[in-house]
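Each remark here refers to the structure printed beneath this line.
The values are calculated or read from the model by the stated rules, or taken from the named source; none is laboratory data. Keep in mind that this is a model prediction, so the values were computed, not measured. Because the Cβ atoms are built from the backbone with ideal geometry, glycine has one as well, and the counts that use them run over all protein chains shown.
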Amino acid sequence: MKGILYGVGVGPGSEEFLTLKAVKVLKEADVVIAPKALKDGESIALDTAKNFIGENTKIYKTHFPMGKKDREEKIYDIFKLIEKLIGEGKKVVFLTIGDPFLYSTYIYILDYIKKTDIKFETVPGINSFSAAASVAGETLVIGNEPLLILPASKINTIKDEKFIVLMKFYKKEKEVLDILEEKEFKYVCIRRACREGESVLYTREEILNSRDYMSLIIAHRD
């Protein structure tokens, strides 16, 4: 029996937003691999999906240090684990929060997988900014306008776009808001969309006083 890798997006962080396909794959999995950003921390993706994982399924919590020096080594270690399990004929699920192809750990793993003959399939998940837009009741984009999605570190690349989504702006809040206001954007910040602690922040003061890693900004201008 040949093994297979499934990259499964679990959505924004609530089990209610898993797709039927994701639930089916999880129930049939032999092994689930769940990345976590902190060595001694928990995996948000695993917490989201845990109620759909079979009791006999083996679970690996793997440390994936975003932006750290040993990240590439950790990626390769996870790949070698997957390769071993696939060689044993296992159905392996690699979990990601949100969608597997949007700022995801899965993308790095897939770079190695594609250099082998390992069979893989990707199961999409609801991305964070779609969930956030629904929570806030905010339009992402309309008509023939483009939608610009970017990390806060690239905010200075904004040109004449009218609709933007800013991600990864934790600890850059003041700089981001200064630039948005200078460029005459109206903005809203969504924290922990579809998760415990969810909130929508509309003012500069609220955003600066309620900093949270799991936040993003939806902004538009005339």
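Among the listed residues 142, 149, 86, which satisfies the condition of being within 26 Å of residue 10 (Cβ to Cβ), out of contact with any Pro (no Cβ under 9 Å at 6 or more places or on another chain) and not in a helix (DSSP H, G or I)?
Details: 142 fails: within 26 Å of residue 10 (Cβ to Cβ); 86 fails: not in a helix (DSSP H, G or I).
Matching residue, one of 142, 149, 86: 149.
Residues that are part of a helix (DSSP H, G or I) and farther than 20 Å from residue 104 by Cβ: does region 186-203 have at least one? Checked against the condition, which is being part of a helix (DSSP H, G or I) and farther than 20 Å from residue 104 by Cβ, region 186-203 yields no hits at all. The residue pairs whose first member lies in region 158-185 and is farther than 18 Å from residue 201 by Cα, whose second member is β-branched (Val, Ile, Thr) and surrounded by 20 or more Cβ atoms within 10 Å (Cβ to Cβ), and whose beta carbons are closer than 8 Å, counting only pairs six or more residues apart or on different chains, are 158/164.
Among the residues of region 15-33, those that are buried (at least 18 other Cβ atoms within 10 Å of the Cβ) and either part of a loop (DSSP other than H, G, I, E, B) or modelled with pLDDT under 95 (or both) comprise 18, 29. Among residues of region 198-222 being under 23 Å from the mean Cα position of the chain (by Cα) and β-branched (Val, Ile, Thr), the one that is surrounded by the fewest Cβ atoms within 10 Å (Cβ to Cβ) is 200. Restricting region 186-222 to residues that are free of Cβ contacts under 8 Å to residues at least 24 places away in the same chain and acidic (Asp, Glu) leaves a set whose member that is farthest from residue 165 (Cα to Cα) is 196. One residue alone among 184, 161, 121 is under 30 Å from residue 2 (Cα atoms) and modelled with pLDDT of 95 or more, and that residue is 121. Taking region 2-12, which residues are surrounded by fewer than 22 Cβ atoms within 10 Å (Cβ to Cβ) and either at pLDDT below 95 or touching a Ser or Thr at 6+ places or on another chain (Cβ under 7 Å) (or both)? Answer for region 2-12, where residues must be surrounded by fewer than 22 Cβ atoms within 10 Å (Cβ to Cβ) and either at pLDDT below 95 or touching a Ser or Thr at 6+ places or on another chain (Cβ under 7 Å) (or both): just 2.
The condition of being out of contact with any helix residue (DSSP H, G or I) (no Cβ under 6 Å at 6 or more places or on another chain) and not assigned by TED's automatic domain parsing to the domain that holds residue 202 holds for only one of 115, 154, 159, that being 115. Before we move on, is residue 126 assigned to a loop (DSSP other than H, G, I, E, B), in contact with a Gly (Cβ under 6 Å, 6 or more places away or on another chain) and either more than 30 Å from residue 5 (Cβ to Cβ) or hydrophobic (A, V, I, L, M, F, W, C) (or both)? Answer is yes for this residue. Would you point out which residue out of 90, 115 is loosely packed, with under 15 Cβ neighbours inside 10 Å and at pLDDT 95 or above? Checking each option against the conditions leaves just 115. The set of residues from region 110-138 being of a type outside the set (Phe, Trp, Tyr), free of Cβ contacts under 8 Å to residues at least 40 places away in the same chain and farther than 23 Å from residue 196 by Cβ comprises 111, 114, 115, 116, 117.
Scanning region 155-179 for residues that are outside any loop (DSSP other than H, G, I, E, B), of a type in the set (A, V, I, L, M, F, W, C) and touching a strand residue (DSSP E or B) at 6+ places or on another chain (Cβ under 9 Å) returns 155, 163, 164, 165, 166, 167, 176, 177.
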